[in-house]
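Take a look at the structure below.
The values are calculated or read from the model by the stated rules, or taken from the named source; none is laboratory data. If you're wondering where the values come from, they're calculated on a predicted model, not measured in any experiment. Every residue, glycine among them, receives a Cβ derived from its backbone with ideal geometry; neighbour counts consider all protein chains shown.
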Amino acid sequence: MTKPEAFTNVKVDIIEDRVLSDNWYHLNKVTFDYTSRKGKTARLSREVYDRGNGATILLHDPERDVVVLVRQFRMPAFKNGSNGFLIEAPAGLLDGDHPEEAIRREAIEETGYQVRDVRFLFKSYMSPGAVTEVLHFFAATIDTSDRVADGGGLDEEHEDIEILEIPLDQALSMIETGEICDGKTIMLLQWAALNLRAKR
């Protein structure tokens, strides 16, 4: 991909890419020379966290006008002062799979719903200042007959996931009250407000 015209003179030379941690994911310290649009070069360092790319999905039952979300404990949220239990759209890492394959897997593991037609919506860097992850966003229409498993996550991964079926209007209101404060879920619900409400 070419650089925007205003940045054609910008140059990035990586000087050092040092691994700080390779425990669960990878944390690197990248030192690089950045030559700006004005031609000035500065040596900079940034920590870059690589946890792989992921996918997320909004499951909507138009007959009941509910969305299927999940609630689970998130240590980073807990460490930042909340109770740690976030309401989210089903999601997971790609683990080498195509994004659509990955989200079909995650949907059934987390919610028990086997999705049929999956619609790709968009992709997004979720925290590009520090994290490499690109998240692929999907939506799918479901009904009660698509619930083929218990869901709740995988025992071997120590997942403890509560499945929630929430009316779409209520889910949107929960953004305003702060009950839903997960970024990917807010983005999907806003997409639903723009695209699914118009069809009612």
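The residues of the range 69-94 that are free of Cβ contacts under 8 Å to residues at least 60 places away in the same chain and touching a Leu at 6+ places or on another chain (Cβ under 6 Å), listed by number, are R74, A77. Checking each residue in the range 164-200 for being part of a helix (DSSP H, G or I), out of contact with any helix residue (DSSP H, G or I) (no Cβ under 8 Å at 6 or more places or on another chain) and among the basic types (K, R) picks out K184, K199.
Residues in the range 33-72 that are within 30 Å of D143 (Cα to Cα) and of a type in the set (D, E, K, R): D61, E63, R64, D65, R71.
Selection of first residues in the range 171-200 that are in contact (Cβ under 8 Å) with a residue 60 or more places away in the chain and not assigned by TED's automatic domain parsing to the domain that holds Q72 and of second residues that are outside any helix (DSSP H, G or I) and of a type in the set (A, V, I, L, M, F, W, C), restricted to Cβ pairs under 7 Å at least 6 apart or on distinct chains, gives an empty result. For the range 15-68, the tally of residues that are in contact (Cβ under 8 Å) with a residue 24 or more places away in the chain, among the small types (G, A, S) and in contact with a Leu (Cβ under 6 Å, 6 or more places away or on another chain) stands at 2. E179 meets all of the listed conditions (1) within 18 Å of the chain's Cα centre (by Cα); (2) more than 21 Å from H136 (Cβ to Cβ); (3) surrounded by 15 or more Cβ atoms within 10 Å (Cβ to Cβ); (4) not polar (S, T, N, Q) but one, namely (3). Here P128 passes the criteria (1) within 24 Å of G52 (Cα to Cα); (2) surrounded by fewer than 15 Cβ atoms within 10 Å (Cβ to Cβ); (3) over 16 Å from the mean Cα position of the chain (by Cα) except the one numbered (3). Out of the residues in the range 134-162 that are assigned to a strand (DSSP E or B) and aliphatic (A, V, I, L, M), state the one that is nearest to Q190 (Cα to Cα). My answer is A139.
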